[in-house]
1. With an 8 Å cut-off on Cα pairs and a minimum separation of 6 or more residues, tell me the relative contact order of the chain in percent.
2. Report the Stokes-Einstein translational diffusion coefficient (µm² s⁻¹, integer) for segment 131-225, Rh taken as the Kirkwood radius over Cα pairs, at 4 °C with viscosity 1.567 mPa s.
3. Could you name the aspartates and glutamates whose alpha carbon sits less than 15 Å from that of Lys134, not counting residues in the same chain fewer than 8 places away?
4. Using only the Cα atoms of the chain, what semi-axes does the equivalent ellipsoid have when each is the square root of 5 times a gyration tensor eigenvalue? Give whole Å, largest first.
5. List the pairs from Lys77/Lys733; Lys444/Lys550; Lys77/Lys119; Lys565/Lys733; Lys77/Lys175 whose alpha-carbon separation is above 25 Å, in the order I gave them.
6. By the scheme Lys and Arg +1, Asp and Glu -1, what is the net charge of all other residues having a beta-carbon under 9 Å from that of Pro729?
7. About its Cα centre, what dipole magnitude does segment 166-626 give when the only charges are +1 on Lys and Arg Cβ and -1 on Asp and Glu Cβ, stated in debye to the nearest 20?
8. Please compare each pair in Lys554/Lys611; Lys208/Lys611; Lys304/Lys403; Lys403/Lys554 to a cut-off of 29 Å on the Cα-Cα distance and tell me which ones are over it.
Amino acid sequence: MNSTQSDHTPDICNPPRRSVLAATAVTAGVLVAAAGTAPTAGAAPLSPHRAPGSGPDDPVLRADRELLRVKLTSAPKPVPLTLSTSSKEPFSVDVSSTTGRTTVGAGPRARQGAKVTVKVAAGKDAVVWVVPKKTGDPFGPADQLDVSSVHDGTTVPVWIEPTAGEWRHAGPDDKELDLEIVAVHAAQLRKGAGQEIIMWSSPRQRNKDGSPKPDPGQKGQWLWNVYGLDDMEARALDVATLRTTDRIMDGNGGPDRQNIFCGGSAHLPDGRLFVAGGHVIPPGLSHEGHSSNGGHMHIYDPTKSGGWTLVDQPMSQVRWYPTVTCLPDGRMLISSGSRKVLEGNGNDGDADGFWTSSGNSYEIFDPATEQLVDLGTVRLIDTKKLGKRESLATYPYVYVLPKGPDDGAALALVESNRTWLYDYAPDSDTPLQRADRVYRMRTKGSRSYPTYGSMVLLPIEADSPRARILAVGGQHESQTDHRTLSADQPSTATAEILDLDASRDLADQRAWRRIPGLRNGRVLCDATLLADGSVLVSGGSANGWGDMNKNPVKQSELFDPVTEKFTPAASNLTDRRYHSTALLQPDGTLFKAGSTGGFGNERNPGDKGYKWTYTHTDAERYYPPYLWRGPRPSIGELTSTGGEVLRYGGEFTLPVSGASADGRTRVAVVRLGSTTHGNEMDQRYVWLDVRERRETDTGWELTVAVPANPASAPPGDYYVLAVDSAGVPSEAKLVRLGA
Ligand SMILES: [Cu+2]
């Protein structure tokens with residue numbers, strides 16, 4: 001956001017003209033070829049502009065590629081840059097780094113410096129060795145090599161990719177960004193031509209002037225009113241200007257304040273955000289007249305002055321920690337959620353407590369009528385298939401899957417360490433028709449709230465019934481009872497994948513399988529799809545659960561959906577544990593904010609008060625390795641058969657340009673995110689079918705199919721982006737999918 005492609009990217013399509021040296025009486029020339037990466041198609045001259053007066057026999061400056069891509073690992077490797085000449089005479093060429101971010105030498109082990117001179121002989125290649133030393137800023141080449149001889153000269157941009165990526169402050173020019181709210185919940189929204197992130201949390205106690213009351217016992221922290229049911233905090237961040245504004249419910253033309261903290265949220269087909277449930281009354285605290293707080297539904301509209309509206313109907317039960325999912329027909333599924341609060345003492349083993357209060361039911365909100373569909377009581381899971389002390393967990397991870405290009409949808413619901421599968425029958429009294437089988441993970445700990453790790457539906461191909469669900473982190477497998485909760489209990493580093501083929505019998509799917517795990521065991525983390533379809537696992541703690549956690553894990557980890565392996569990524573600037581959030585941004589960075597640390601944690605052992613420590617109101621941003629990999633492709637104005645909205649079964653054309661935009665460029669849509677508690681309820685990455693590719697003067701024009709089956713990409717707002725053959729994603733544009 002602080003830098004853009006146009007600011008930093010050299011125009012590779014129009015490389016620097018040959019130097020004036022070429023215009024002198026040239027008897028010899030030089031061929032420049034940068035090696036070290038896959039060759040681009042055809043041995044294109046680096047500088048196609050022949051000097052005036054040069055004859056057909058004059059040597060031409062050429063290269064078989066236009067830039068050098070190198071990776072910066074802990075032990076940087078020299079990469080070769082090959083220089084050749086068609087001249088009959090040998091002559092010397094100077095190669096120097098303009099930024100000092102690489103060093104150059106005459107051999108892989110030769111002394112490396114800022115400049116090297118090599119002799120280029122007729123018919124023989126000369127090789128200069130380049131060692132990456134330092135990365136520069138993302139979005140641009142880190143270095144430029146000046147290649148010059150008495151005859152001629154040229155430049156070779158060098159892109160140096162840090163394989164771990166980087167975390168930076170999220171403010172302008174990488175400065176700190178204070179959101180003035182702890183972003184426990186965060187959702188990306190279209191707002192007119194721009195975008196905003198709406199964030200909300202429990203309220204802090206306020207001074208008379210409205211400023212939050214500092215906690216006298218803890219520097220930089222505040223006094224909270226965590227369980228206050230008639231107050232809230234909400235702020236919106238403008239994605240372009242990085243300015244925040246207050247968006248609380250204020251009762252003026254909208255609802256009175258309600259604590260929707262720990263509700264569930266997902267986008268409606270028209271781009272507004274739907275929020276179900278929220279905080280309920282903890283045992284021992286009385287809030288007269290507010291007992292149904294967690295039974296409410298709200299809609300947030302970023303373009304409306306008050307922002308929030310209250311749906312004029314309560315849910316069938318109070319739901320604290322429910323999950324909301326947009327269905328293929330645009331209706332909103334609300335699943336699970338608890339009727340009671342878990343006390344903040346970390347030891348609520350009471351049979352009447354949290355676990356048994358989980359609501360084994362779902363309901364469906366229809367945005368067309370802004371009412372709930374009358375379903376009676378419909379059950380989510382088959383409790384007969386559970387052990388004695390087990391029950392449905394809250395904040396389940398719910399994914400919609402296409403059964404194929406024709407109509408038909410299935411749903412997968414993962415909670416604790418189990419998966420339940422459903423056929424979606426929209427017209428039935430029981431729209432979720434559960435398969436008679438539960439798929440248990442190989443590892444036994446719970447991966448759901450309050451010992452949640454994170455889960456993600458890996459990128460799917462449009463209209464394909466094949467899908468994979470990745471589960472990372474959560475409770476350690478040595479913890480066999482989900483109700484055992486202590487700040488000391490270890491978390492797991494294991495990861496598992498469930499392979500699904502929704503076109504097959506849902507009771508006859510493959511089981512969960514273990515894959516090589518994370519480097520760090522963690523709970524309370526986020527697994528988020530990045531712009532190239534890879535996944536970043538960030539934040540969390542090594543021990544504990546919910547509010548009671550310790551030993552934050554700052555190192556993030558990248559997951560490659562092709563190899564199914566994790567690699568270490570950069571570390572967060574600060575601890576991001578319970579109640580932190582992560583959202584993919586249109587520029588390909590990841591926005592991470594929030595964290596309430598915990599109650600009675602390592603700073604105040606034994607503290608049973610409703611007091612959070614280690615809360616953070618700032619935000620940071622992850623720059624994935626692809627932002628250093630090479631010039632980004634860019635996408636132009638999209639033309640669709642259906643006008644503004646991309647209609648299911650239709651197609652659109654998308655102009656794509658850029659150095660590596662070629663016949664292998666892919667196009668994807670990524671649903672705008674809405675996240676809390678490690679559960680990005682909208683998260684979805686769909687590769688689209690490119691039906692036709694035409695080369696144009698400026699690049700390529702692609703004809704892209706909109707999925708035929710809305711279950712591939714339920715209606716709503718998406719990013720559309722192109723990923724070039726080097727794996728570099730373009731900046732995203734907004735599109736809306738609909739029927
Ligand atoms: Cu919470």
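Taken together, the values in this text are just the output of simple stated rules run on the coordinates, not laboratory data. These figures come from a predicted structure and were not determined experimentally. FYI the Cβ positions are ideal-geometry reconstructions off the backbone, even for glycines, and counts take in every protein chain you see.
1. Values: 2231 pairs, mean separation 83.1, N = 739.
Worked out over the chain, it gives 11 percent.
2. The Stokes-Einstein estimate is 70 µm²/s.
3. Straight-line reach from Lys134, under 15 Å: Asp143, Glu161, Glu166.
4. For the chain, the ellipsoid semi-axes come out as 51, 28, 24 Å.
5. Working: Lys77/Lys733 37 Å; Lys444/Lys550 22 Å; Lys77/Lys119 23 Å; Lys565/Lys733 29 Å; Lys77/Lys175 32 Å.
Over 25 Å Cα-Cα: Lys77/Lys733; Lys565/Lys733; Lys77/Lys175.
6. -2
7. Working: 51 positive and 60 negative charges, 265 e Å.
Around 1280 debye, computed over segment 166-626.
8. Numbers: Lys554/Lys611 23 Å; Lys208/Lys611 21 Å; Lys304/Lys403 37 Å; Lys403/Lys554 39 Å.
Checking Cα-Cα distances, Lys304/Lys403; Lys403/Lys554 exceed 29 Å.
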